[in-house]
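J.: Structure in structure tokens, see below.
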Amino acid sequence: MSTSRIMLHAMLMALGLLLFAGPAPAADTDRHAGYYYPPVSSRETYRARAAVMPEASSDTRLGFVTALAYQQNGRAYPPTFVMFAKGEDFERLIIVAIGSHGFRGLYQARAMLAQLTSIARGTPMFRDNNLQDVLTFLDLARMMGFEELTMSDGQTFAHRITLK
């Protein structure tokens, strides 16, 4: 058997193994780290006190971040953070501080989440259902179907919250 035939057989066998073995397991990679924020340096899991809404969809999540961006850009002053959705179904919520007034660490990032909770508690959905004293912004994010939230100062740290 010639060397070229042996190479051809070896390549066909390798291709067959790839086809019958199925897809390789997904690597736990974060393609947004190093682009929008530094590598994630801390993690936590938040167990939401509300279920994902049946009507939650990628359109819901994308509409939410788009509406927030529109509202922020309509103010007389520049925003201190940007929020956007990424992922195949926009299931990843990312918040990155910008400008000189952005948060400078995990505690300020959590304070910003508390501020977002205050805003969420003023919405008709929370008020009309008497949930303003119970749920947080993280609950709202989970209700919309977000699976994770990554917060970063855009320079030195990134913190990931898995929403369950």
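Just so you know, all these numbers are worked out from the coordinates, no wet-lab data involved. If you're wondering where the values come from, they're calculated on a predicted model, not measured in any experiment. Cβ atoms come from the backbone with ideal geometry, glycine included; neighbour counts cover every protein chain shown.
J.: Could you give the size of the charge dipole of the stretch 29-163 about its Cα centre, using +1 on the Cβ of each K and R and -1 on the Cβ of each D and E, expressed in debye and rounded to the nearest 20?
T.: Roughly 380 debye for the stretch 29-163.
J.: Choose one of Ala141, Thr45, Tyr107: the residue whose Cα lies farthest towards the positive end of the charge dipole of the stretch 29-163 (beta-carbon charges +1 Lys, Arg; -1 Asp, Glu; about the Cα centre).
T.: Tyr107
J.: Sticking with this one: Report the net charge of residues surrounding Lys86, where surrounding means a beta-carbon distance below 14 angstrom and charges are Lys +1, Arg +1, Asp -1, Glu -1.
T.: Here the charged neighbours net out to -2.
J.: Indicate the gyration tensor shape class of the stretch 41-155 (rounded, prolate or oblate), computed on the Cα atoms with a ≥ b ≥ c the square roots of the eigenvalues: a/c under 1.5 is rounded; otherwise a/b larger than b/c is prolate and the rest oblate.
T.: Note, shape of the stretch 41-155 comes out rounded.
J.: Next up: Putting +1 on Lys and Arg Cβ atoms and -1 on Asp and Glu Cβ atoms, find which of Thr60, Asn73, Pro124 reaches farthest to the positive end of the dipole of the stretch 58-164.
T.: Going by the Cα projections, it comes out as Asn73.
J.: Sort the stretch 77-141 into rounded, prolate or oblate with this rule: let a ≥ b ≥ c be the square roots of the eigenvalues of the Cα gyration tensor; rounded if a/c is under 1.5, and if a/c is not under 1.5, prolate when a/b is larger than b/c, oblate otherwise.
T.: Oblate, because a/c is 1.5 or more while a/b does not exceed b/c.
J.: Sort Val40, Val52 so that the residue with the fewest other Cβ atoms within 10 Å of its own Cβ comes first and the one with the most comes last.
T.: With the fewest neighbours first, Val40, Val52 line up as Val52, Val40.
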